[in-house]
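Everything on this sheet refers to the single structure shown next.
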Amino acid sequence: MTKRFLLLSLFVNVVMSLTAQEIPSQLHERWVVKRDLPTSTICCFDEKEARKLIGTEIEYTANSFRWGQTVTTHPTVQIKVMSAEQFHKEYSGGGANDSQVSFEQLGIKALHVTQIMLGHEPANITGATIEIPGDDVLIKDKNTIIFSVCNVYYEARRRPVSSGNRK
């Protein structure tokens, strides 16, 4: 029994990675950036610049994603599942004065999170980074995603579909 538990623990702690051809359906729809999240990160935005993303929209389809007027078609798609410890290790610096980010700061209560990374040509959205908002997201829950731009973390919520716009 102990050996089986150890093997299961090792499997869960290993980062599982998968390359897909299409953007996963759990992202399809429109998302509205609602707020920036308080983290202990070192970023390349000032507060005024960071707030410009709030209220903007990200849209995902099977073969594209859009933020504002920037559309990326047929991005490469990588899906990764990671633990809180793995996330902290990958996205935080090594020293006490370095960037620190955790599931707790992001409001993630799960033991593991799914990360979806959309590869694209370098973009010049802000002048400070080649990222496109929404190109690397964490699935917090069915209606909430988290992403970062310039090491500022944001929460976006699925845009409600009005009864006249249902598919």
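Nothing in this text is a laboratory measurement; each read-out follows from the coordinates by a stated rule. The shown structure was predicted, so the numbers you read here are calculated from the model rather than taken from an experiment. Note that each Cβ is placed from the backbone with ideal geometry, even for glycine, and that neighbours are counted across all protein chains shown.
With r defined as the distance between the Cβ atoms of A110 and Q21 and R0 fixed at 22 Å, what FRET efficiency is calculated, to the nearest 0.05? Given R0 = 22 Å and the Cβ-Cβ separation, E is 0.25. Each Lys or Arg adds one and each Asp or Glu takes one away; over the other residues whose Cβ falls under 15 Å from the Cβ of V152, this sums to -3. For the pair D98 and T144, the difference between a 0.36 nm per residue extended length and the Cα-Cα distance amounts to 13.8 nm.
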